[in-house]
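Take a look at the structure set out below.
What follows draws every value from the coordinates through simple rules; no lab data is involved. The structure displayed is predicted, hence computed values, not measured ones. Reconstructed Cβ throughout: ideal geometry from the backbone, glycine too, with neighbour counts over all protein chains shown.
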Amino acid sequence: MIYCVEDDDSIRNLVVYTLTASGFEARGFADAASFWEAADAQIPRLVLLDIMLPDEDGITILTKIRSHPKTSCVPVIMATARGTEYDKVIGLDLGADDYLAKPFGMMEMVSRVRAVLRRGAVRGTAQTLQIGGLTLNPQQHAVLSGGESVTLTLKEYELLKLLMENPGIVFTREQLMARIWGDDFLGESRTVDVHIGTLRTKLGSCGSCIETVRGVGYKMEKPA
């Protein structure tokens with residue numbers, strides 16, 4: 001089931017109709033309250049989430065989705081008004097899987113939904129990763145550092161997963177930006193440095209496994 005949270009009746013009805021015609025089950029909600037009530041009864045496969053809503057805004061809803069254990073792994077595609085670059089960057093940093101700039105075409109929307117669901121299916125079949133005292137379980141979307149559970153944002157999690165999947169491989173900042181944030185992300189490479197810094201802090205003593213390669217980027221190394 002795909003949930004569309006959009007207060008514009010015409011857009012919401014068209015999105016739900018198009019998704020249904022494309023073979024998906026879909027429901028629409030005009031506000032956060034009705035969305036949360038439905039999500040409590042049935043966790044969706046994916047959420048299409050508008051930023052501007054009459055009660056809770058989309059950024060607040062996204063933050064709650066990512067912080068709740070039952071919904072933390074649910075893919076979210078944000079819908080932003082064209083030109084609101086700040087909302088796009090904030091949404092991606094908080095864990096949105098993709099975004100659509102309004103006005104968007106229905107076929108583009110279906111294509112984005114299918115792509116995000118495919119990525120989620122690949123993540124769901126991945127094996128547990130372990131390096132030193134670090135353990136990452138893709139199926140549970142869980143990270144343990146020294147046996148202790150660690151709470152990460154989606155981007156921090158994806159950074160860690162990419163590095164753990166490729167121990168010893170050096171990634172440039174540009175490569176990490178493209179792999180984690182997407183080729184069309186307009187932020188600066190400093191974004192990578194900030195996320196690596198917070199990731200190391202959250203991992204505690206295991207954070208030292210993420211090594212800086214001066215002038216190049218970062219890599220994951222097994223502890224001596």
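Some points to look at:
- Principal-axis tilt of helix 9-21 within the chain, Cα atoms, nearest 10 degrees: 70
- Between helix 190-203 and the chain: long-axis angle, C-alpha atoms, 0 to 90°, nearest 10: 70
- In order along segment 140-150, the Karplus-derived 3J(HN,Hα) couplings, from 6.51 cos²θ - 1.76 cosθ + 1.60 at θ = phi - 60°, round to 9, 6, 10, 10, 10, 10, x, x, 9, 5, 10 Hz, and Gly and Pro are given as x.
- Take every DSSP beta bridge whose two residues both sit in the chain; close to 50 percent of them are antiparallel.
- Taking 28 Å as the limit for the C-alpha separation, the pairs LYS64/LYS161; LYS70/LYS155; LYS102/LYS161; LYS202/LYS222 exceed it in the case of LYS102/LYS161.
- Pairwise Cα distances in segment 12-82 exceed 15 Å in 54 percent of cases.
- Principal-axis tilt of helix 106-124 within the chain, Cα atoms, nearest 10 degrees: 40
- Normalised contact order of the chain, rounded percent, pairs of Cα under 8 Å and 6 or more residues apart: 13
- Peptide ranges 66-73, 92-99, 175-182 listed from the most packed, as the mean C-beta count within 10 angstrom indicates: 92-99, 175-182, 66-73
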